[in-house]
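K.L.:
Structure below; questions to follow.
The values are calculated or read from the model by the stated rules, or taken from the named source; none is laboratory data. Since the model is a prediction, treat every value here as computed from it, not as a measurement. So basically every Cβ, Gly included, is an ideal-geometry build from the backbone, and we count neighbours across all protein chains shown.
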Amino acid sequence: MADAKIDLKNLKAGGFIKERGKDLFTVRLRVPGGRLSVERLGKIAEVAKKYGQGYVHLSVRQSVELININFADFDAVVAELGEEQQKVASCGARVRVPTACGGCEYNPNGLVDTQKSALEVDQHLFGTPTGHHKFKVGFAGCPFDCPKSAINDVGFQGAIWPELTEAECISCGLCAKSCVEGAIAMDGDKPAFTPEKCIYCGDCVKVCPTGAWKSAKRGYTVRIGGKWGRRPLVGTVFATFLPEEKVVDFIAAVLAWYQEKAEGAGRTRLGDIILQQGPDSLLEYLRKDFPEYVLDATIPPQVIETQMPLGR
């Protein structure tokens with residue numbers, strides 16, 4: 001292996017990442033939404049024990065990484081994992097494996113099926129070259145935002161817009177008690193709703209015993225332009241109540257704008273291009289295909305200063 005010529009750039013694009021040790025690589029496995037069957041997990045453990053150091057690393061983006069894999073064992077590792085059952089992830093300037101929480105399947109806070117969305121994005125967009133930099137997508141099922149969707153290039157957060165049918169209200173006050181944001185308060189014997197305080201959590205809909213509070217709109221709040229690293233940005237809201245079935249097309253549209261506007265800019269993330277071009281450019285582009293959901297105006301991604309001030 002000492003004389004083998006290894007194209008590290010191409011290997012990394014396929015999820016094989018060079019380590020410090022001679023001929024040793026980390027193999028990043030593709031786990032969309034962070035979900036694995038018990039059988040698949042057992043197989044990964046078996047391969048890690050046979051070809052690695054007997055342990056795996058769980059990355060912050062829900063991938064499973066096999067550590068200390070020798071270059072000579074790549075074919076065997078891929079074969080024993082089973083290519084159809086367990087694909088290798090991507091790195092480099094590509095659409096990465098989407099992350100997601102459990103969504104609405106078993107979490108009582110979940111408002112949308114984040115696992116389904118993550119699988120659809122993985123199926124249709126995973127590995128798409130951006131031409132510029134990495135492109136990360138994350139899904140949160142509710143405003144608790146456990147996956148930290150706002151620090152993804154495109155981040156989705158489940159949302160419900162509540163609407164009261166007064167004729168069905170029995171004035172129990174449970175909605176007001178459950179609304180920790182203060183968007184609902186009892187005005188005499190009826191709930192009074194303050195829309196600007198609502199964060200779209202849907203707690204009022206869930207707790208209402210008569211169904212007087214209903215979901216008038218349901219979908220994703222979409223934040224764009226986030227990233228972490230040396231110069232972090234928090235993505236800002238570009239669309240609200242985007243239907244689950246439009247997620248893939250929406251991401252594809254954002255990606256197309258990014259590829260066009262970042263032409264010649266080199267290794268640059270989406271959020272930095274939005275800062276250069278201004279958010280109105282992206283809003284206008286997205287409004288052509290998603291007019292019902294794209295905001296009239298928004299603010300640029302927000303810079304987060306993480307470095308210590310000089311002299312401290």
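K.L.:
In region 223-247, which residues are of a type in the set (A, V, I, L, M) and either more than 15 Å from residue 279 (Cβ to Cβ) or surrounded by fewer than 24 Cβ atoms within 10 Å (Cβ to Cβ) (or both)?
P.N.:
Residues satisfying the conditions are 234, 237, 242, 247.
K.L.:
Something else now. Looking only at region 97-111, count how many residues are touching a helix residue (DSSP H, G or I) at 6+ places or on another chain (Cβ under 6 Å) and closer than 22 Å to residue 204 by Cβ.
P.N.:
The total comes to 2.
K.L.:
Could you list, ordered by first residue, the pairs with Cβ atoms under 6 Å in which the first is in region 206-233 and touching a residue at least 24 places away in the same chain (Cβ under 8 Å) and the second is basic (Lys, Arg), at least 6 apart or interchain?
P.N.:
Matching pairs, first to second residue: 227/269; 233/227.
K.L.:
For the subset of region 66-79 comprising residues that are out of contact with any helix residue (DSSP H, G or I) (no Cβ under 8 Å at 6 or more places or on another chain) and assigned to a helix (DSSP H, G or I), which member is farthest from residue 138 (Cα to Cα)? Break it down into steps so the answer makes sense when it comes.
P.N.:
Step one: of region 66-79, the residues out of contact with any helix residue (DSSP H, G or I) (no Cβ under 8 Å at 6 or more places or on another chain) are 68, 71-72, 74-75, 78-79.
Those still in the list that are assigned to a helix (DSSP H, G or I) too: 71-72, 74-75, 78-79.
Values: 71: 31, 72: 34, 74: 29, 75: 31, 78: 27, 79: 29 Å.
Among those that are out of contact with any helix residue (DSSP H, G or I) (no Cβ under 8 Å at 6 or more places or on another chain) and assigned to a helix (DSSP H, G or I), it is 72.
K.L.:
How many residues does region 134-176 hold that are without any contact (Cβ under 8 Å) to a residue 24 or more places away in the chain and either farther than 16 Å from residue 214 by Cα or outside the structural domain of residue 209 (by TED's automatic domain parsing) (or both)?
P.N.:
Going through region 134-176 one residue at a time, the tally reaches 2.
K.L.:
When both residues are 6+ apart or on different chains and their Cβ atoms are under 6 Å apart, which pairs have a first residue that lies in region 276-305 and is under 17 Å from residue 154 (Cβ atoms), and a second that is among the charged types (D, E, K, R) and part of a helix (DSSP H, G or I)?
P.N.:
Sorted first by the residue in region 276-305, then by its partner, the pairs are 277/261; 294/287.
K.L.:
Go through region 185-222 residue by residue and tally those that are part of a strand (DSSP E or B) and touching a helix residue (DSSP H, G or I) at 6+ places or on another chain (Cβ under 6 Å).
P.N.:
Adding up the residues that qualify gives 5.
K.L.:
Checking the structure you have, find out if any residue of region 265-283 is touching a helix residue (DSSP H, G or I) at 6+ places or on another chain (Cβ under 9 Å), at pLDDT below 95 and hydrophobic (A, V, I, L, M, F, W, C).
P.N.:
Yes: region 265-283 contains one or more residues that are touching a helix residue (DSSP H, G or I) at 6+ places or on another chain (Cβ under 9 Å), at pLDDT below 95 and hydrophobic (A, V, I, L, M, F, W, C).
K.L.:
Conditions: (1) in contact with a Ser or Thr (Cβ under 6 Å, 6 or more places away or on another chain); (2) among the acidic types (Asp, Glu); (3) under 20 Å from residue 95 (Cα atoms). Residue 260 meets all but one. Number of the miss?
P.N.:
It is condition (1) that residue 260 fails.
K.L.:
How many of the residues making up region 52-65 are outside any strand (DSSP E or B) and surrounded by 20 or more Cβ atoms within 10 Å (Cβ to Cβ)? Write out each step before concluding.
P.N.:
From region 52-65, those outside any strand (DSSP E or B) are 52-55, 59-63; that's our starting set.
From the residues that got through so far, the ones that are surrounded by 20 or more Cβ atoms within 10 Å (Cβ to Cβ) too are 52, 62-63.
Result for region 52-65: 3.
K.L.:
Further question: Within region 121-164, which residues are in a loop (DSSP other than H, G, I, E, B) and β-branched (Val, Ile, Thr)?
P.N.:
Scanning region 121-164 gives 128, 130.
K.L.:
For region 243-271, give me each residue that is without any contact (Cβ under 8 Å) to a residue 40 or more places away in the chain and either hydrophobic (A, V, I, L, M, F, W, C) or not in a loop (DSSP other than H, G, I, E, B) (or both).
P.N.:
245, 253, 256, 257, 260, 261
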